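To start, the structure itself, in structure tokens.
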Amino acid sequence: DAGVIQSPRHEVTEMGQEVTLRCKPISGHNSLFWYRQTMMRGLELLIYFNNNVPIDDSGMPEDRFSAKMPNASFSTLKIQPSEPRDSAVYFCASSTSGTASGNTIYFGEGSWLTVV
Amino acid sequence: GEDVEQSLFLSVREGDSSVINCTYTDSSSTYLYWYKQEPGAGLQLLTYIFSNMDMKQDQRLTVLLNKKDKHLSLRIADTQTGDSAIYFCAERIGGYNKLIFGAGTRLAVHP
């Protein structure tokens with residue numbers, strides 16, 4: 001099993017540029033989550049999807065952030081325009097939905113974003 | 001509301017037991033999780049416990065859950081230098097596996 005795959009692993013970009021982060025969930029998982037990790041705020045849930053449909057985007061910080069899941073095997077998180085305060089590690093995670101047996105949530109290795 | 005709290009730091013001697021504590025607020029949490037994060041890496045699931053259990057043991061790891069006090073702990077027996085990492089407690093909310101994380105406890109293991 002390849003696990004949750006994120007790209008890019010590291011990105012440095014200039015303020016004002018568009019950033020697109022990508023995620024491939026584990027095959028067969030129908031829930032997908034985007035988290036952001038910073039020193040100041042810890043791990044924050046930005047948005048999550050179930051069966052490709054956004055369920056809760058209340059954690060998305062601003063209109064500059066958007067996320068899509070066009071199919072079961074791919075999701076993007078876009079920041080446009082990017083700002084230095086967006087610098088963080090962005091994690092994608094996936095799981096099966098429902099309440100049975102823990103439904104383990106698996107995390108990718110993260111995309112380390114620096115906006116200068 | 002949804003909130004998970006942990007102490008920020010713990011220092012232990014190699015070979016001793018480590019106990020990391022966590023409190024949560026949502027009484028409807030169905031599962032509680034412990035994740036480990038090593039420097040520069042993602043989150044690795046260590047173990048989880050269902051809310052109707054009060055203890056779960058997995059090799060060197062023991063999870064204790066006091067549902068009445070909404071208190072969760074992770075005990076690592078015979079702590080090794082490789083256990084040095086940040087440990088996150090998380091509660092699951094709802095049926096879509098939404099996880100609310102604590103701030104993480106940084107465990108430092110010294111000789």
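A short reminder: the numbers here are calculations on the coordinates, not readings from a lab. Quantities reported herein were computed from a predicted structural model and do not represent experimental measurements. Here Cβ is always computed from backbone atoms with ideal geometry, including for glycine, and neighbour counts include all displayed protein chains.
Tell me the Rg and the Dmax, in Å, that the Cα atoms of chain B produce.
13.4, 43
Determine the relative contact order of chain A: mean sequence separation of Cα pairs under 8 Å and six or more apart, normalised by residue count, in whole percent.
37 percent.
List the trypsin sites (Lys or Arg not before Pro) within the stretch B:13-90 that fall in a DSSP loop (any state other than H, G, I, E or B) and whose Cβ has at most 13 other Cβ atoms within 10 Å.
B:Lys68
Taking A:Lys24 as the anchor, which lysines have their alpha carbon closer than 18 Å to its alpha carbon, excluding any fewer than eight residues away along the same chain?
A:Lys68, A:Lys78
Suppose a student asked you for the relative contact order of chain B, using Cα pairs under 8 Å spaced at least 6 residues apart; what percent would you report?
Once normalised by length, the contact order is 38 percent.
Would you mind getting me the FRET efficiency between A:Val12 and B:Leu61? Use the beta-carbon distance for r and R0 = 35 Å, nearest 0.05.
Between A:Val12 and B:Leu61 the formula returns 0.40.
Which of the GluC sites (Glu not before Pro) across the stretch B:1-78 are loop residues per DSSP, with 14 or fewer other Cβ within 10 Å?
B:Glu2, B:Glu14
Counting Lys and Arg as +1 and Asp and Glu as -1, what is the net charge of the other residues whose Cβ lies under 15 Å from the Cβ of B:His110?
Summing Lys/Arg as +1 and Asp/Glu as -1 gives -2.
Could you let me know the centre-to-centre spacing of the stretch B:1-67 and the stretch B:76-111, using Cα atoms, in angstrom?
So the separation of the two Cα centres works out to 5 Å.
What lysines sit close enough to B:Lys68 to cross-link, taking a C-alpha to C-alpha distance under 18 Å and skipping anything fewer than 8 places away on the same chain?
B:Lys56
What net charge do the residues around A:Arg64 carry, taking every other residue with its C-beta under 14 Å from that of A:Arg64, with Lys and Arg at +1 and Asp and Glu at -1?
Once all neighbours under 14 Å are counted, the net charge is -3.
Work out which trypsin sites (Lys or Arg not before Pro) in chain A are exposed loop sites (DSSP not H, G, I, E or B, at most 15 other Cβ within 10 Å) and give the longest gap free of them.
That would be A:65-116.
How high is the FRET efficiency between A:Ser66 and B:Asp54 when r is their beta carbon distance and R₀ equals 41 Å, given to the nearest 0.05?
Calculated transfer efficiency: 0.45.
Longest segment of chain A with no GluC sites (Glu not before Pro) in a DSSP loop having at most 11 other Cβ atoms within 10 Å?
A:63-116
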